[in-house]
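Everything below concerns the one structure shown next.
Derivation of every value follows stated rules applied to the coordinates shown; laboratory data play no part. Given the structure is predicted, the values throughout are model-derived calculations rather than measurements. Cβ: placed from backbone, ideal geometry, glycine included. Neighbour counts: every protein chain shown.
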Amino acid sequence: MRKIEHIGIAVKDLEKSNELYSKLLNTKPYKLEEVESEGVKTSFFQVGESKIELLESSKEDSAIAKFISKKGEGIHHIAYDVEDIYKEMERLKEEGFILLNTEPKKGADNKLVCFLHPKSAGGVLVELCQEIK
Ligand code: ZN
C-alpha cells in the first residue's frame, strides 16, 4: 500500500453534495463519472495527493442504496493505492482477508479495483486501487 488514494463518501444527492464539498474543500470536482455496472454516480475532488469520492446510487438495489438505507450518508470506504493489485490481492488473501471479487474490476477514475469485506477488515470497507496505465 502506497498511500490513501481516496475516501469514498455515500451521499443521497450528488448535486447537492458537490455544492457542499466545493465549499468545504474550496475546489470544484475534477471529474463526474457514472459506473453503470456498480449502479453509482460519482464525483472526485482532489485534496493534496488524496481524493474525495462522492457516491450516489443510480439503482434501487445498488450497494450504495443499501448502505444509505442502513447507515445514512457518510464515509463508505477507504481506498489504498497499490502498485500491483494482483500481488496485493494474493497477499491479503493469504493473510485471511475476504476479497469481494476474485479478479480486479474496472472502477471509476481509470482504476482497477478490488474490495475487502468489512467483516474481515475491522469494520471498514477497504478498496485496493491501481491506476490503469
Ligand atoms: Zn472508491
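Taking a ≥ b ≥ c as the square roots of the Cα gyration tensor eigenvalues, with a/c under 1.5 meaning rounded and otherwise prolate when a/b beats b/c, else oblate, which class fits the range 58-133? Kindly include the intermediate steps, with their values, before the conclusion.
Working: a/c = 2.17, a/b = 1.40, b/c = 1.55.
Here the range 58-133 falls in the oblate category.
What do the square roots of 5 times the Cα gyration tensor eigenvalues come to for the chain, in whole Å, largest first, as semi-axes of the equivalent ellipsoid? Kindly include the intermediate steps, with their values, before the conclusion.
Numbers: eigenvalues 113, 59, 35 Å².
Ellipsoid half-lengths, sorted descending, are 24, 17, 13 Å.
Bin by bin, in steps of 5 Å, what percent of the Cα pairs in the range 13-79 do you find, going until the bin that has the longest distance?
4, 17, 27, 27, 17, 7, 1
Over the alpha-carbon set of the range 1-52, divide Rg by the Kirkwood Rh and report the Rg/Rh ratio to two decimals.
On the way: Rg = 11.4 Å, Rh = 11.7 Å.
Expressed as Rg/Rh, it is 0.97.
Return the long-range amide H neighbours of Ser58 (sequence gap of 5 or more, or a different chain), with a cut-off of under 5 Å between placed amide H atoms.
Excluding prolines and chain starts, which carry no amide H, the hits are Val40, Lys41.
What dipole magnitude, in Debye to the nearest 20, does the chain give about its Cα centre under +1 on Lys/Arg Cβ and -1 on Asp/Glu Cβ?
On the way: 21 positive and 25 negative charges, 56 e Å.
With Lys and Arg at +1 and Asp and Glu at -1, about 260 debye.
Kindly list the residues of the range 100-133 that lie in the label zone of Asp84, defined by a backbone N under 11 Å from the point 7 Å along the Cα-to-C-beta vector.
Nothing falls inside the zone, counting backbone N under 11 Å.
If I take every Cα pair under 8 Å that is 6 or more residues apart in the range 1-46, average their sequence separation and divide by the length, what percent do I get for the relative contact order? Each step should come with its number before you reach the end.
Details: 37 pairs, mean separation 12.9, N = 46.
So the answer I get is 28 percent.
Counting only C-alpha contacts under 8 Å and six or more residues apart, can you give the relative contact order of the chain as a whole percent? Walk me through the intermediate numbers first.
On the way: 264 pairs, mean separation 33.5, N = 133.
Relative contact order of the chain: 25 percent.
Choose one of Ile64, Ser43, Asn26: the residue whose Cα lies farthest towards the positive end of the charge dipole of the chain (beta-carbon charges +1 Lys, Arg; -1 Asp, Glu; about the Cα centre).
Asn26
Sequence neighbours fewer than 8 away in the same chain don't count; with that in mind, list the lysines whose C-alpha is under 17 Å from Lys28.
Qualifying lysines at Cα under 17 Å: Lys16, Lys41, Lys51.
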